[in-house]
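Written below as C-alpha cells is the structure these notes are about.
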Amino acid sequence: MPRSSATILVAVVWACSAFPLAAQTLSVGDPRVDYLRVLQVAGLAETGSFTLRPVHVSSLQGRGPADPWGLLPDPEPRRELTSEFWASGVGGELQGFFNSAFPMVRNDGAVWQGKGLTTAVHGGGTLGWGRLSLTVRPTLVHARNGEFPLGRPDREGDAVYRYPWSRHVDLPQRFGPDPVTFLDPGQTSFRVSAGGLSLGAGTENLWWGPGVTQSLQITNNAAGFPHVDLRTERPLQLGPLKVEGQWLWGRLGHSEWFDTSRTTRDRFFTGAMVALSPNAVPGLTVGMTRTFYQLFPDASLPASELFLIFQRTQKKAFVTPDDPQANDTRDQMASFFGRWAFPESGLELYGEWGRNDHGWDVRDYLTEPEHSSAYVLGLRKVSHLEGPRLLVVTTELTRLERSTTWTVRATPTWYVHFWAPQGYTQKGQVIGAGVGPGGNAQFLGGELYHSGGKAGAFIQRRIQNNDYFYQMSSYGDFPLPHHTSVDFGLQWLGRLAHGLEVEAEGILTRETNRYYELWKDLWNAHLTATLRWRMR
C-alpha cells in the first residue's frame, strides 16, 4: 500500500474513536427485515426507509406490546465479549431446495437452484472492536444440477449452456453438465464507522429501492459482488430532511458457462443511491439511483471512471467528429423511486421508474420519456388482528419489457449490453430484478404474522423476455407464443425456543410455451426447507 494511502487509513481509524459505536445490521433476505417493515407500516416501529438494505437497527424504536415476534427494541442483540470486543449476528442456516423439472430463481444470493436437490449452508457472525467491525458469513453450496432439455442456441457453435436468447448476457440455463459445489464469501465485510457513516469493503448482498419482490438496480437475486463503499448507517438529519445513501465501486465476474471465447475480462461497476425523507411529510421517502458498468480496460482504470455517477445525462454532450452517435462502451441505468407509508391506516405505496439509456437532450426526454424505461409498482396493507396478529397483503407489478419506441429507434434490453457481453450479472445471475431481461411479473400475496411465526400464500405470473418475443415475431408471418409462468406458493415460518427457526416453502409452477415453443407446457414442483439458529 502506498504511504499516502496508509496514512489516510490510519487517520480515518483514529478519527472514528470520537464517534458512537458501529450499528448492527440485518442482511438482505433475513425475514426480520420484511417483518420490521411490516411493523413500521402497522405503526408499531420507527426505523429507516427500507430503500437501502442491509438494514441498520441501531435507531429502532418500538411502540407497546403489539409486536407478535417480540423483537423490539433490538432484533439483533449484541454480546459483550470483553470491555472492548463484542459479537452479534452469530448463527447459521441449513437450507435444502428441490426442483422437479427445471431451475428456479428466488432472490437467494449465491445459491444456484438447479434441477433436483440443492443444499446450502450459511454461517458466521460479526466481531466488533470499537468503531471497527468484521462480518464473516460465507455460503457453501452443493447442487445436484440435474439434466433437463435446454433451449436451442441462436447460432451454431455457441456455448452449450449459455442463455440462448441473447449473446450479450451471462445467464446460463444450466451450470454445466455435472453437480456443482462452491464456497462463496457471502455476507462478508469489514467496516469502519463514524458519525452515522460507514466505510467498508466486502461481498455482502445489497438492495436498492422500495420493491418487496423485485427492484430495478440491485437485489439479492445474485451473489454479492466484491465492492468498496461509503454509506449511511442510519438516516442522517440534515436540516428539514433525513438522508440515506450509498456510493460504491465493485468488480463483476462471469460464470464458467458463459461464452468465454468472446472475453474473459471482468467488469468494473460503480453506482450510487440517495433517499430523502422530509420531516414535514411523515412516512414519505423519495430518491434516485444511478449505475454504470463496463469491461475493465487492458491498461489501468482511469481515475475519472470512479466518478461516473456525475456524468451528464444528455447523450449529445458526448458527440465528437469521430463518433457523431455518441456511442458508449459503458452501460448506464438510472431510476427514481418513492415510498409513502401511512401507519395510521396500515398502508404503504411504493414505486420505482428507471431508464436504461441516456436521453439525447431535454427535448428527447419530454417527447419520449418511456424510451428504454422499466418500472416496479407496489402496495401493501397491514391489518391488526387479536392475538396480537398482523395480516399483510402485498401486490407488486414489474415491467422490464421495452416500450413501443423500439419499433422506430434502437432500444436496449435491460441488463443486456453489446460492449460488455456478460451484461448486468454476477457469476451467471442478474444483479437486478430476478424476472430478468425483457421480463414482466405480477405478484399478489398474503401473510399472517403471529407469536409463533408466520404463514402465507401467493400467486405470481411471470413473462420471460418479451423483448425477444416481439423482436423475433416481427421477422416472420407466424409469431412465437409467449413464454409464461404462473407460480402458486405456500410459506410457513415457525419460531422455536433458544433462537431456532424452521421455515418451509412450496411452489407449484406451470410454464406455458417453454422456450417459445407452442404447447410445450411443463409443471415444476419447488420445495425449500430452512433450519436457522441465532445467538440470543
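Under 12 Å Cα-Cα from LYS427, which aspartates and glutamates qualify once same-chain neighbours fewer than 8 residues away are excluded?
Answer for LYS427, where 12 Å is the Cα cut-off: ASP170, ASP184, GLU256, ASP266, listed by chain and number.
For TYR375, what accessible area in Å² do you get when you roll a 1.4 Å probe over the heavy atoms of the protein chains, rounding to the nearest 10?
Rounded to the nearest 10, the figure is 80 Å².
Assign one of three labels to the chain, namely rounded, prolate or oblate, based on the Cα gyration tensor with a ≥ b ≥ c the square roots of its eigenvalues; rounded applies when a/c is under 1.5, prolate when it is not and a/b is larger than b/c, and oblate otherwise.
On the way: a/c = 1.44, a/b = 1.19, b/c = 1.21.
In terms of gyration-tensor shape, rounded.
Which peptide among 111-120, 355-364 comes first, and what is the full order, when sorted by highest mean count of other Cβ atoms within 10 Å? Provide the component values of the computation, followed by the final result.
Working: 111-120: 21.7, 355-364: 17.8.
Taking the mean over residues of other Cβ atoms within 10 Å, the ranking is 111-120, 355-364.
When only C-alpha pairs under 8 Å and at least 6 residues apart count, what is the relative contact order of the chain, in percent? Display every interim value, and only then the final one.
Details: 1406 pairs, mean separation 73.8, N = 536.
Once normalised by length, the contact order is 14 percent.
Could you pull out every one of the lysines with an alpha carbon less than 20 Å from that of LYS520, ignoring same-chain neighbours closer than 8 positions?
Qualifying lysines at Cα under 20 Å: LYS115.
Quick check: Cα centre of the range 113-147 to Cα centre of the range 401-447, how many Å?
Comparing the Cα centres of the range 113-147 and the range 401-447, I get a distance of 27 Å.
Treating only the Cβ of Lys, Arg, Asp and Glu as charged (+1, +1, -1, -1), what charge dipole size does the range 341-454 show about its Cα centre? Round to the nearest 20 debye. Present the calculation step by step, with values, prior to reporting the outcome.
Details: 10 positive and 12 negative charges, 62 e Å.
For this selection, approximately 300 debye.
How large is the helix-only mean residue ellipticity at 222 nm for the chain, computed as the sum of -39500 (n - 2.57) over DSSP H runs with n ≥ 4, divided by its residue count, in deg cm²/dmol to the nearest 500? Don't jump to the answer; show the numbers that get you there.
Values: 4 runs with 39 residues, N = 536.
That calculation yields -2000 deg cm²/dmol at 222 nm.
Using the heavy atoms of the protein chains alone and a 1.4 angstrom probe, what is the accessible area of the chain per residue in square angstrom? Intermediate results must be reported in sequence, preceding the final value.
Values: 23480 Å² over 536 residues.
Solvent-accessible surface per residue comes out at 44 Å².
Please report the carbon-and-sulfur percent of the accessible area for the chain; probe 1.4 Å, protein heavy atoms only, DNA, RNA and ligands left out. Don't skip to the end; give the middle numbers.
Working: 14740 of 23480 Å².
Using a 1.4 Å probe with all protein chains present, the chain comes out at 63 percent carbon and sulfur.
Could you pull out every one of the lysines with an alpha carbon less than 30 Å from that of LYS381, ignoring same-chain neighbours closer than 8 positions?
LYS242, LYS454
Between GLN332, PRO302, GLY283, whose Cα lies farthest towards the positive end of the dipole of the range 212-357 when Lys and Arg beta carbons carry +1 and Asp and Glu beta carbons carry -1, centred on the Cα centre?
Farthest along the dipole direction, towards plus: GLY283.
Over what distance in Å are the Cα centres of the range 232-275 and the range 193-213 separated?
If we compute the Cα centre of each part, the gap is 10 Å.
Sort 485-498, 34-47 by packing, meaning the average of other beta carbons within 10 Å per residue, with the highest value first. Walk me through the intermediate numbers first.
Details: 485-498: 15.2, 34-47: 22.2.
Highest-to-lowest ranking by the protection proxy: 34-47, 485-498.
The values are calculated or read from the model by the stated rules, or taken from the named source; none is laboratory data. All of these numbers come straight from a predicted model, not from anything done at the bench. Positions of Cβ are backbone-derived with ideal geometry, glycine not excepted, and every protein chain shown enters the neighbour counts. Quick note on the areas: whole protein, heavy atoms, side chains included, nothing else; ligands and nucleic acids left out. Shrake-Rupley method; radii C 1.70, N 1.55, O 1.52, S 1.80 Å.
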